[in-house]
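The values are calculated or read from the model by the stated rules, or taken from the named source; none is laboratory data. Everything numeric here is computed off the predicted structure, so don't read it as measured data. As a convention, Cβ positions derive from the backbone with ideal geometry for all residues, glycine included, and neighbour counts pool all protein chains shown. Note: accessible area is taken over every heavy atom of the protein model, side chains too, but ligands, DNA and RNA are not part of it. Shrake-Rupley method; radii C 1.70, N 1.55, O 1.52, S 1.80 Å.
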Amino acid sequence: HAYYSGPIPEKQYHFSDKAYSMAQISGDMVEGLDCPVGASFLQSAMWIQFFGNGTSRSDPSQARGFKLACVFESNGYEGSSWRHTQLLNRQVSGRPKRMLVIRAIGTVGNYDYITEVFLGEDGGIQVREAFAGYPEIDRLYEVSRPPNWGSIVHADSGPRGHLVQNLHSHYCAFKVDLDILGTANEFQVTKLRYQNATSPRSVGQKVQETQRIVKEDPNMEFVATAQAPGIWHIVNAKAQNRRNGAPRGYAVVVGSAPSVNRYSKSHPYAASATFARRHLAVAKRKEQESAATSVTDFYPVAEPLLSVDRFLSDRESLIGEDLVCWVSIGKEHVARAEDQPLISNFAVDFSLLPWNYHEQNPEMVLAMAGKGPETWISATELRR
């Protein structure tokens, strides 16, 4: 979903980009631009045609194939997945980071949405949503003070008026169905807090506390914030890690400081995308709750067909159940001159990380660069 401010509240507007199919008005992915040369491409069918006179035709019988996504292995230039310099001998060892990358691009008119999934050798998964293209533009003919609903990106005191890029946001929802060694899972939250000193001669310190969330609750909004750091993880309480006894699981880690929707709950836009009010919601899996939004929600914004708040409203148990994580990552876009004529791509992301799932770092058994962490050099070699 994208939400735009306007010169007056009555002129604010929104787009439910899912209603544009995210594919049928896209184009072929380009080898050497969207994907490296040699990548494997996945094809899909396109049956909407556009003509030079501005008309279009939807005819599945005239469908043609187009490159919807690509798959490739990264070349290891992203840095290292682990690295260490031994203190005494300065011996460096590590492993270049290599990932399997899945990338797809959906165009909805002015914006291209670049969706990427990175599969790491340690079992970690990173999901990244990048935005490309150009924002909507409005005009402002008289400026007594700078507009607070957008940014002037081209000043013109003549009859054409100033060009203003509207302040707007993008929110993307992902359905993450983690079955940790089966479907009998639970949701745990580890919170970090400051504990005050327990005696006059002592000082406070940071502590961590883990609790399980017993049931669904639409009023419980999990938002990643630097002021209250913590870990959200889905675990199998009956499958313990043999090394430390902790329940095996995966953590949902939000990166890149994404925004959340801060419309008041009475605002129609708040009802149209309840998923965007938080970074994470966890619910019991149900077949009828297939997605966070519906293609029909573009129009009845105050009464959407699908709603994460509604998924949570029955307050069902989250203990020993098949769970679904609804992950939301978004971005507020404040325009700048450099956004013309096209923006520089920007992105938000989240990761799914093994959390006590393995008994040790699984990449340590793979080939490494350097002599390795257990190799020492002699004093003679060190003096050289």
Listed by first then second residue, the pairs whose first member lies in the range 354-372 and is outside any loop (DSSP other than H, G, I, E, B), whose partner is among the polar types (S, T, N, Q), with beta carbons under 8 Å and at least 6 positions apart or on separate chains, are 363/81; 369/93
Is it the case that residue 105 is in a strand (DSSP E or B) and either at negative phi or touching a Cys at 6+ places or on another chain (Cβ under 6 Å) (or both)? yes
Within the range 220-251, the count of residues that are among the small types (Gly, Ala, Ser), surrounded by 13 or more Cβ atoms within 10 Å (Cβ to Cβ) and over 20 Å from the mean Cα position of the chain (by Cα) comes to 3
The condition of being among the aliphatic types (A, V, I, L, M), part of a strand (DSSP E or B) and buried (at least 16 other Cβ atoms within 10 Å of the Cβ) holds, among 254, 301, only for 254
Filtering strands (runs of 3 or more DSSP E) wholly in the range 145-199 for at least 1 residues that are among the small types (Gly, Ala, Ser), open to solvent by less than 60 Å² (accessible area, probe 1.4 Å) and under 19 Å from residue 331 (Cβ atoms) gives 150-154, 168-176
Within the range 200-219, restricting to residues that are of a type in the set (A, V, I, L, M, F, W, C) and outside any loop (DSSP other than H, G, I, E, B), the one that is surrounded by the most Cβ atoms within 10 Å (Cβ to Cβ) is 213
Within the range 257-274, residues open to solvent by 60 Å² or more (accessible area, probe 1.4 Å) and small (Gly, Ala, Ser) come out as 257, 264, 266
Checked pairs for the range 77-104, first closer than 30 Å to residue 43 by Cβ and open to solvent by 60 Å² or more (accessible area, probe 1.4 Å), second assigned to a strand (DSSP E or B) and polar (S, T, N, Q), C-beta under 7 Å and 6 or more apart or across chains, list as 97/80; 97/81
Query raised in the report: Do we have any residue at all in the range 275-283 that's more than 16 Å from the chain's Cα centre (by Cα) and open to solvent by less than 60 Å² (accessible area, probe 1.4 Å)?
Result: yes
What do you reckon, is residue 241 touching an Asp or Glu at 6+ places or on another chain (Cβ under 7 Å) and more than 17 Å from residue 283 (Cβ to Cβ)? yes
Listed by first then second residue, the pairs whose first member lies in the range 13-41 and is in a loop (DSSP other than H, G, I, E, B), whose partner is open to solvent by 60 Å² or more (accessible area, probe 1.4 Å), with beta carbons under 6 Å and at least 6 positions apart or on separate chains, are 28/67; 29/67; 37/31
Residue 128: passes all of (1) part of a strand (DSSP E or B); (2) buried (at least 20 other Cβ atoms within 10 Å of the Cβ) but (2)
Residues of the range 316-334 being open to solvent by 10 Å² or more (accessible area, probe 1.4 Å) and within 16 Å of residue 222 (Cα to Cα), in sequence order, are 326
Across (1) surrounded by 17 or more Cβ atoms within 10 Å (Cβ to Cβ); (2) at pLDDT below 90; (3) basic (Lys, Arg), residue 64 clears everything bar (1)
Among residues of the range 257-298 being of a type in the set (Gly, Ala, Ser) and in a loop (DSSP other than H, G, I, E, B), the residue modelled with the lowest pLDDT is 257
| task | Inspect the range 155-171 for any residue being of a type in the set (Gly, Ala, Ser) and either at pLDDT 95 or above or in contact with a Ser or Thr (Cβ under 7 Å, 6 or more places away or on another chain) (or both) and give the result as yes or no. | result | yes
Within the range 329-353, the residues that are assigned to a strand (DSSP E or B) and hydroxyl-bearing (Ser, Thr, Tyr) are 351
